[in-house]
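Trainee: Below you'll find the structure I mean.
Only the coordinates and a few stated rules stand behind these numbers; no lab work does. Source: prediction; values computed, not measured. All Cβ positions, glycine included, derive from the backbone under ideal geometry; neighbour counts span all protein chains shown.
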Amino acid sequence: MRLQLLWVFYPAYLRKYYAAHPDAAALPYVEQREALLNDYFGWPPAVARRLAERGHTVDIIVANAAPLQRAYAREHGVSWSMRDYAMHIPRVQVQRFQPDVLWTGSNFQYFGGYLRELKRHCRAVLAWTAAPLPLTLDLSGIDCMLTSHASFAATFRGRGLRCEQILPCFEPRILERLGAPVRDVEVSFLGGLTWAHRERIAIVDALVRQTALTVWSAKPRIWSRSAARPAFWRALWQARHVLARTRAELYGMDLYRMLGRSQLSLNVHAEVAGGLAGNMRLFEITGAGALLLTEHMPNLHEFFDLETELVTYQGLDDLIDKVRYYSAHPSEAAAVAARGQRRTLSEHSTLRRAEVLEGLFGEVGRVT
């Protein structure tokens, strides 16, 4: 099977990555891409690489990494424009690779006519999302949606589109990079604090005041689009005390290094999850060996044994009590964390997701 992954990385992450690796932009395309992927930002590229190990021909496009795409254009004789490279270069890459299956994400700028154009060069297009899609978004050209949220799957099926639920996962090779870290951070939170996370902001705000919680999060950027959204200003006001004590956001290996240093780490799903568990942080925290503290949700038992592989909370008071208890009993916290890590490595790794997606891609793409 020929699989091509068309993905975009957070612009903030790419800025930090290239600032931290100033020589990377001068590397040849393949070498530069491998160095970027070895920072382990996001799970789909890691799964794609696992599929390559299973014998498939795989190509990974990081569409909005300007230095990387500039290297591709230079080496392959493709015209370059900073204005539209993120649309033009991937179009060329798909046309030349001719995949059986094209796998993309919540790259809404590519939906509609662009994906329909790309579909002329492949057998099937699959798109993954963990974010709500605008009702007016053109989903034509997509053969199957993938999502981690059961509520989203029901919505897509209601729109007449095939949808399969696929959970995020953890790349075990990250542990080789972490080594044996010293767990010197008592309790951490790493994640977004935006207008879409009002409940999360309230919880983090309370914990910052009453526990040793340390926060790493992106400071909100006031763009014209966000400024026009009343919920943005409400969230910004609600988060004002937290943001004043927040450290800069972490991505890729920097994020995993901090989780590796954490004894406990907090997870709070965004409201769009619809009251069901399934976000990436579940597997990042447990995979890195920290004790996961997450909301009690009705489907969480499908992924972990509750209270023996992670710790759940119901309400703020319960969460504060459990943070204080496990902070005071590090041996118990470490035992639960170790069992959670074993579960993630056995059932929620990139190797396991590659097995599932291999069958799905072959079925949807009608590849034998």
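Trainee: Rg (Å, one decimal) plus Dmax (Å, integer) for the alpha carbons of the stretch 264-307?
Mentor: 9.8, 27
Trainee: Mind checking which of Val311, Leu190, Gly112 is farthest towards the positive end of the chain's charge dipole, using Cβ charges of +1 (Lys, Arg) and -1 (Asp, Glu) about the Cα centre?
Mentor: Gly112
Trainee: I would also like to ask the following. So how far apart, in nm, are the two label points at Ser346 and Gln98 if each is 7 Å from Cα heading toward Cβ?
Mentor: Each label point lies 7 Å from its Cα, and together they span 4.5 nm.
Trainee: While we're here: log10 I(q)/I(0), Debye, Cα-only the chain, no solvent, q = 0.07, 0.09, 0.11 Å⁻¹?
Mentor: -0.31, -0.53, -0.80
Trainee: Sequence gap at least 6, Cα distance under 8 Å: using those rules, report the relative contact order of the chain to the nearest whole percent.
Mentor: Value for the chain: 16 percent.
Trainee: Mind pulling the angle between the C-alpha long axis of helix 350-364 and the longest principal axis of the chain? Nearest 10 degrees, somewhere in 0 to 90.
Mentor: Helix 350-364 sits at roughly 40 degrees to that axis.
Trainee: 222 nm [θ] for the chain, helices only, -39500 (n - 2.57) per DSSP H run of 4+, per residue, to 500?
Mentor: It lands at -13500 deg cm²/dmol.
Trainee: If you take the beta carbon distance between Asp318 and Ser106 as r and set R0 to 25 Å, what does 1/(1 + (r/R0)^6) give as a FRET efficiency, to the nearest 0.05? Kindly include the intermediate steps, with their values, before the conclusion.
Mentor: Numbers: r = 33 Å, r/R0 = 1.31.
In this case the efficiency is close to 0.15.
Trainee: For the modelled label position 7 Å from the Cα of Arg116 along Cα-to-Cβ, which residues of the stretch 133-176 have backbone nitrogen atoms closer than 17 Å?
Mentor: Label zone hits: 136-144, 161.
Trainee: Compare Gly55, Gly141, Gly105 in a GNM of the chain, Cα atoms joined below 10 Å, and give the one with the largest fluctuation.
Mentor: Of Gly55, Gly141, Gly105, the Gaussian network model singles out Gly55 as fluctuating most.
Trainee: Working from Cα positions, state the angle (0 to 90°, nearest 10) between the long axis of helix 85-97 and the longest principal axis of the chain.
Mentor: The angle comes out near 60 degrees.
Trainee: Pop a pseudo-label 7 angstrom from the Cα along the beta-carbon direction at both Leu135 and Ala35 and give the gap in nm to one decimal.
Mentor: Distance between the two pseudo-spin positions: 4.8 nm.
Trainee: Oh, and also: Please work out the Cα center distance from the stretch 1-48 to the stretch 302-344, rounded to the nearest Å.
Mentor: Distance between centres, Cα-based: 33 Å.
Trainee: Put a dot 7 Å past each Cα toward the Cβ at Ala19 and Asp84; how far apart are the dots in nm?
Mentor: It is 3.1 nm.
Trainee: Could you give the length gained on full extension between Arg245 and Arg198, defined as 0.36 nm per residue of separation minus the Cα-Cα distance, in nm?
Mentor: On the way: separation 47, 0.36 × 47 = 16.92 nm, distance 1.76 nm.
Between Arg245 and Arg198, full extension yields an extra 15.2 nm.
Trainee: Note the angle between two axes, namely the Cα long axis of helix 316-328 and the longest principal axis of the Cα atoms of the chain, as a number of degrees from 0 to 90, rounded to the nearest 10.
Mentor: 80
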